[in-house]
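To keep things clear, I will list the structure first and then write my remarks on it.
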Amino acid sequence: MIQVARDPNDPDRHELLPDLKKIDVLREGHFVLKQPQPAGQGKHSGHYFDKSLIWSWPNVAEKICTALSHEIYIGVPDLDVVAGPALGAIIPAYSTAVHLSLRLSRQIRSVWVEKDENGRFYMPRLFAEVVKGKRVVVVEDVTTAVASVVEAMKALLAAGAIISGVVFVCNRSGMTDKEIAEKLGVPWAKSLITLSLPTYDRNVCPYCQLTVDRRPINVSLGYGADFASLYPSVAEICGTTK
């Protein structure tokens, strides 16, 4: 269900899986993982990787960002900047840049890609100057369909950045790292944690059906609240929970 990328040269790597289980990062219920739109009802799942919990536990966050920096050091050491899409990847991008600066004995900058009021990514003017003409590795917290990474990369490229690679804290897309790199058109991609769990379109989601598997929609995590607002009739059938 949860797999952590192995590395015999990273002494703390073997502790990550027990740590993640200890802080209960994988929640069970009925979750909407992808933002629903009038034309689409998001991706539903019986499990949610609660990434925000990680950053509230400094000892676990430190191990994860150390591991991310190690993967980048091995995969694409010739970089200048680490970028994280807001809001979830700001902390791991910063901490990973700190560890990379120590590993490489040179300063690695850290920036984030901001979102406007419509949810579209853009580069703040100050950070646009930082990434222009520089080799950038994107750090993302969790990906389901790599859509947010695609949009964040567009903003970086528009600012003149050179995308050297992408690294994920958790990959639940069902794609391999090679497949992700090919889809994104980048030379390198790496997932620290791989989550193998099914996701469903709403019309085939077992937790939305009038069966014994039906579960209330969690409106505190993911996009459950947006879904319940857009599709109140489904929310009424399923019920909601926090």
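Each residue in segment 170-208 was checked for being free of Cβ contacts under 8 Å to residues at least 40 places away in the same chain and either among the charged types (D, E, K, R) or exposed (fewer than 15 other Cβ atoms within 10 Å of the Cβ) (or both), and 9 of them qualify. Taken over segment 191-242, the criterion of being at pLDDT below 90, in a helix (DSSP H, G or I) and touching a helix residue (DSSP H, G or I) at 6+ places or on another chain (Cβ under 8 Å) is satisfied by ARG202, VAL234. ALA89 versus (1) at pLDDT 95 or above; (2) surrounded by 15 or more Cβ atoms within 10 Å (Cβ to Cβ); (3) in contact with a helix residue (DSSP H, G or I) (Cβ under 7 Å, 6 or more places away or on another chain): which is the lone unmet condition? Here ALA89 meets the rest and fails (3).
Tell me, yes or no, whether segment 180-190 has at least one residue that is charged (D, E, K, R) and closer than 19 Å to ASP141 by Cβ. Yes: segment 180-190 contains one or more residues that are charged (D, E, K, R) and closer than 19 Å to ASP141 by Cβ.
The criterion of at least 3 residues that are surrounded by 21 or more Cβ atoms within 10 Å (Cβ to Cβ) is met, among helices (runs of 4 or more DSSP H) falling completely within segment 1-77, by 58-75.
If you go through segment 129-159 and keep only what is part of a loop (DSSP other than H, G, I, E, B) and either of a type in the set (Val, Ile, Thr) or touching a helix residue (DSSP H, G or I) at 6+ places or on another chain (Cβ under 7 Å) (or both), you end up with THR144, VAL146, ALA159. Kindly list, by first and then second residue, each pair from a residue in segment 77-105 that is farther than 16 Å from VAL142 by Cβ to a residue that is in a loop (DSSP other than H, G, I, E, B) and at pLDDT below 95, limited to pairs with Cβ atoms under 7 Å and residues at least 6 apart or on different chains. That search, which allows pairs on different chains as well, returns LEU104/PRO77.
Only residues that are within 20 Å of PRO124 (Cβ to Cβ) and not in a strand (DSSP E or B) were counted across segment 99-112, and they come to 2. Out of contact with any Ser or Thr (no Cβ under 8 Å at 6 or more places or on another chain), of a type outside the set (Lys, Arg) and free of Cβ contacts under 8 Å to residues at least 40 places away in the same chain - does that describe any residue in segment 135-145? The answer is no, given that none of the residues of segment 135-145 is out of contact with any Ser or Thr (no Cβ under 8 Å at 6 or more places or on another chain), of a type outside the set (Lys, Arg) and free of Cβ contacts under 8 Å to residues at least 40 places away in the same chain.
The values are calculated or read from the model by the stated rules, or taken from the named source; none is laboratory data. Computed from a predicted model, the values in this text were never measured in an experiment. Virtual Cβ from ideal backbone geometry, glycine too; neighbours counted across all protein chains shown.
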